[in-house]
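Take a look at the structure set out below.
Read-outs: derived from the displayed coordinates by stated rules, not from any lab. Computed from a predicted structure; not experimentally measured. Cβ placement follows ideal geometry from the backbone for every residue including glycine, while neighbour counts extend to all protein chains displayed.
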Amino acid sequence: IDCLCADFASVPLPAASVDLAWSNLALHCAGDPQPVLNELRRVLKVGGLLMFSCYGPDTLKELKNAFAARDGAAHVHGFIDMHDLGDMLPACGYSAPVMDMEVITLTYADVDALLADLRATGQQNALAERRRGLTGKGVLGAMRAEYEKLRRDGRLPASFEIVYGHAWKPPQRVSEDGRAIVSMPAPRAKGA
């Protein structure tokens, strides 16, 4: 088994070289998922399957709302809606797309435990419009106080919307120069 580490919008694999493209919790990291979907279609063989999971817009909604109640700066990413991703699949040339989602709610003893979990899994605010300086104690204190209003049974919730999708690479219907490709079955012999 060969492993490679690459930008998934520019995979160093030949066209039509893989049967399955699997992306687990990575597609939301692309600024624009459409080039990634196009690139994964390029490396898939005809009849190949694309499967992915990614975060949806309700991910960390509690944290986003707690910050927004006291601070106008962006602290949590806005993730792409399942329906928009589903619309991108046929636009990128995939067939028979199927989309689904679920919300998984984890609970934490306090906000610091949630933030430590996010840091430990490599999650960080990479938004272009994020505040460039440190978030002050006042903003963090206000966010913690707002988040505390959600405490139930001694725990704080953190929602993760997980979007699942899959689609197939169909036979090519248009040539590279835009001409339609029409398959013509061989004529049947009489009596066959």
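Miscellaneous remarks
- Distance histogram for the stretch 101-176 (every C-alpha pair counted, 10 angstrom bins, percent rounded to whole numbers): 14, 33, 27, 12, 8, 7, 0
- Each Lys and Arg Cβ is given +1 and each Asp and Glu Cβ -1; about its Cα centre, the chain then shows a dipole of about 240 debye.
- MRE, 222 nm, helices only [DSSP H, n ≥ 4, -39500 (n - 2.57), over the chain, to nearest 500]: -8000 deg cm²/dmol
- Between 0 and 90°, nearest 10: helix 111-120 axis offset from the chain longest Cα axis: 40
- Net length gained if the chain between Ala189 and Cys5 were fully extended (0.36 nm per residue, minus Cα distance): 61.0 nm
- Extending 7 Å from Cα along the Cβ direction at Asp110 and again at Asp84 yields two label points whose distance is 3.6 nm.
- For Ser53, the shell of other residues with beta-carbons less than 11 Å away shows a net charge of -3, using +1 for Lys and Arg and -1 for Asp and Glu.
- Descending Cα extents along the principal axes, the chain, whole Å: 83, 34, 34
- Environment charge of Thr105, counting only residues whose C-beta is closer than 14 Å and scoring Lys/Arg +1, Asp/Glu -1: -2
- Positive-pole candidate from Leu115, Val98, His75, dipole of the stretch 1-128, charges at beta carbon: Val98
- Loop-located trypsin sites (Lys or Arg not before Pro) across the stretch 123-192 with a Cβ neighbour count of 15 or fewer within 10 Å are Arg130, Arg131, Arg132, Lys149, Arg151, Arg173, Arg179, Arg188, Lys190, with loop assigned by DSSP.
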